[in-house]
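All of the numbers you see were taken from the coordinates with simple rules; none came from a lab. Predicted, not measured: the structure shown is a model, and the values here were computed from it. Cβ: placed from backbone, ideal geometry, glycine included. Neighbour counts: every protein chain shown.
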Amino acid sequence: MKKAFCYNMLLSIGISTVLFITGCSSQKSYVVLLPEDGKVSGEVTVTNAHGSQVLNQSWQATEIAGADAGPGSPEMMDKAEVQSAFGDALATLPLSPVHYMLYFELGTARLVPDSERCLPEIITAIHDLHPAEISVIGHADTVGTAESNYQLGLRRANRVAALLKSYNVAPAVIEISSYGESDLLVKTGDEVLEPRNRRVEITIR
């Protein structure tokens, strides 16, 4: 593929991240499907009036030769080739969201020691993504009523949010919510003790 460009643009389509590059002298365009967190980011259909192609593998690309041409057959590009050709555009791509899971002692909003030790790493991620948007979702296992577990999940989420704020981070947005026992990480019956369901999920964007 020849890469002579006059401007670069990055697009995020649903859960898929693609790199869209348009060349001025050749009137050619390229679409590259980028991985997210080391995994393929989804599937993208590239369509114009003259045809369409599906990209469903990381580093897969299609070339549109001009205004009167459809997308070409997908070709694989390696990471180094994409970085060399499109480095300036990639530098403008926002960092991928970061996810953390913190676990709690039975029936409480107290973090288990291993989870408490994760807090400095989470603070670093918030600083790296500044101004960050943070989602904090509390969960519980199935011991107790649905209502009491909703409230327990909310206390856990509020506790984590307070801990993050105690490190003097200033996210642009922090959303706090609870799913209680309605979104189990490990599916169980009612009144089942399951440590992995006693958790808070943090997403930093």
Summing +1 per Lys or Arg and -1 per Asp or Glu among the other residues with Cβ less than 13 Å from Gly70's Cβ gives -1
Dividing the Cα convex hull volume of region 126-205 by residue count, how many Å³ per residue is that? 80 Å³
Here the net charge surrounding Asp141, from other residues whose Cβ is less than 12 Å away from its Cβ (Lys, Arg +1; Asp, Glu -1), is -1
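Taking neighbour Cβ counts within 10 Å as the exposure measure, how do Ser84, Ser148, Ser135, Ser73 sort from fewest upward?
Ser73, Ser84, Ser148, Ser135
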List the GluC sites (Glu not before Pro) within region 114-192 that DSSP assigns to loop and that have no more than 14 neighbouring Cβ atoms inside 10 Å. Glu191
If Lys and Arg each add +1 and Asp and Glu each add -1, what is the summed charge of the other residues whose beta carbon sits under 13 Å from the beta carbon of Val192? -2
Sorted by Cβ density within 10 Å, fewest first, the residues Lys28, Lys187: Lys187, Lys28
Here the Cα Rg-to-2.2 N^0.38 Å ratio for region 52-205 is 1.43
List the aspartates and glutamates whose alpha-carbon lies under 13 Å from that of Lys28, not counting same-chain residues fewer than 8 positions away? Glu63, Asp68
